[in-house]
Structure formats: C-alpha cells, structure tokens
Amino acid sequence: MATRLPCGSASRYLERQPEKLVVEGLRRWMQGCERGSVACWELAANLYAEELGSAESLRVLRALAQWVESLRRWMDRPAGLSPSLCPSLCRDECCAVTMIAACQNQDDESLLGSLEWLTLPEGHAEVVRATRAFAQALAETGQILMPVPGAVIREIVARPCRRQFH
C-alpha cells in the first residue's frame, strides 16, 4: 500500500491555508519567473493579500520570492509543477512543501531528503537559509504546515516517474 501525505488526499491537504499558500505561491511565482509574466506574480501577491492581509503579505511574499529564486538557481532541471489550483501534487511540489514543513517542525531528516531531490549539493546551504526564512515568515503569521515524515518523502522520491503523486 502506498504511503500518502498525512492528510489522506491532496485536495483536502491543499484546503489547509498554510499548505495552499506554499504550493500556490510556489506554482505562481515559479510560473512568473519561467514566463517572465508579471500577471503570475500578481496572482501570487493577490492570494497572499487575501489570505494574510496586506500588511503581512508583503513580508511573506518577499520570503517566498527569495525561496523560489534559490530553488531555481540550484535545481539542475526545470521544476515539475502542476498548474495553479490543481488539486494534485507532483513530486517536486511534495518535496518543496515538505522543506517548509520540515523547517517549521524541526525535522532535519525530511528537509535533507527533499533538499537532495530538488537541488544540487553545492546549493544546499543557500536553499536551506531561504527555506528557513520563508518557513519563519509563514510561522510568524500563524501559518504552520503539517509535518511530513521522512519515510513519506523518501517513498515519494523513490516512486517511478509520473506527473502527479497525490
């Protein structure tokens, strides 16, 4: 039997505000970078403003942008992402959300497993700094992600390649 994220289904998992902010923020900000589209960044900014309020959203959005930029700089391939508002998570999205959850829940095993999948070894220190800063910014607004056990992320990373996992 396949191990799943603790929520039981990705659509229910993504109904939680903290996870939604991380996944949709990642998708929209990364799409903006790849397309050079201000409209994608505006969608991310609007989501954060709606969910966090305008005062808090700018600080958290800056941390998101720095996190995404560090991921982009240290990935050796394009990120595999689902479209915005897709109820499923692909492998890279599972690893990315796990990194944030791991920082908030002091889970070095899950952080390392996700980091090794997503980024080149020489970029680990920079990506961890950006991940911790984003995780902290979210936590300061009360956005605490559910922990993702190391065994779950190892199982997801080990699965045969396919587009979506949850």
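The values are calculated or read from the model by the stated rules, or taken from the named source; none is laboratory data. Model, not experiment: these values are computed from the prediction. A quick note on method: Cβ atoms are made from the backbone with ideal geometry, for glycine too, and the neighbour counts reach across all protein chains shown.
Filter segment 34-52 down to residues that are of a type in the set (D, E, K, R) and either crowded, with 19+ Cβ neighbours inside 10 Å or more than 21 Å from Gln17 (Cβ to Cβ) (or both), then give me how many there are.
2
Filter segment 68-91 down to residues that are under 14 Å from the mean Cα position of the chain (by Cα) and more than 25 Å from Arg159 (Cβ to Cβ) and give me whichever is surrounded by the most Cβ atoms within 10 Å (Cβ to Cβ).
Ser70
Consider segment 92-109. How many of its residues are more than 12 Å from the chain's Cα centre (by Cα) and outside any loop (DSSP other than H, G, I, E, B)?
Within segment 92-109, residues that are more than 12 Å from the chain's Cα centre (by Cα) and outside any loop (DSSP other than H, G, I, E, B) number 3.
Tell me whether segment 3-17 contains one or more residues that are touching a helix residue (DSSP H, G or I) at 6+ places or on another chain (Cβ under 9 Å), farther than 17 Å from Ile156 by Cα and outside any loop (DSSP other than H, G, I, E, B).
yes
Quickly run through segment 139-166 and pick out the residues that are touching a helix residue (DSSP H, G or I) at 6+ places or on another chain (Cβ under 6 Å) and modelled with pLDDT of 95 or more.
Scanning segment 139-166 gives Ala139, Thr141, Gln143, Ile144, Leu145.
Among the candidates Arg91, Arg35, Arg62, which residue alone is among the basic types (Lys, Arg), out of contact with any Asp or Glu (no Cβ under 9 Å at 6 or more places or on another chain) and within 22 Å of Met146 (Cα to Cα)?
Of Arg91, Arg35, Arg62, the one residue that is among the basic types (Lys, Arg), out of contact with any Asp or Glu (no Cβ under 9 Å at 6 or more places or on another chain) and within 22 Å of Met146 (Cα to Cα) is Arg91.
Would a scan of segment 129-138 turn up a residue that is at pLDDT 95 or above, over 15 Å from the mean Cα position of the chain (by Cα) and either more than 21 Å from Leu52 (Cα to Cα) or of a type in the set (Asp, Glu) (or both)?
Checked against the condition, which is being at pLDDT 95 or above, over 15 Å from the mean Cα position of the chain (by Cα) and either more than 21 Å from Leu52 (Cα to Cα) or of a type in the set (Asp, Glu) (or both), segment 129-138 yields no hits at all.
Being among the acidic types (Asp, Glu) and under 23 Å from Arg12 (Cα atoms) narrows it down to one of Glu93, Glu140, so name that one.
Glu93 is the lone residue from the list that is among the acidic types (Asp, Glu) and under 23 Å from Arg12 (Cα atoms).
Any chance you could count how many residues in segment 112-148 are part of a helix (DSSP H, G or I) and in contact with a Ser or Thr (Cβ under 6 Å, 6 or more places away or on another chain)?
Counting residues in segment 112-148 that are part of a helix (DSSP H, G or I) and in contact with a Ser or Thr (Cβ under 6 Å, 6 or more places away or on another chain) gives 4.
Looking only at residues that are touching a residue at least 40 places away in the same chain (Cβ under 8 Å) and of a type in the set (Gly, Ala, Ser) in segment 53-75, which one is nearest to Val22 (Cα to Cα)?
Ala63
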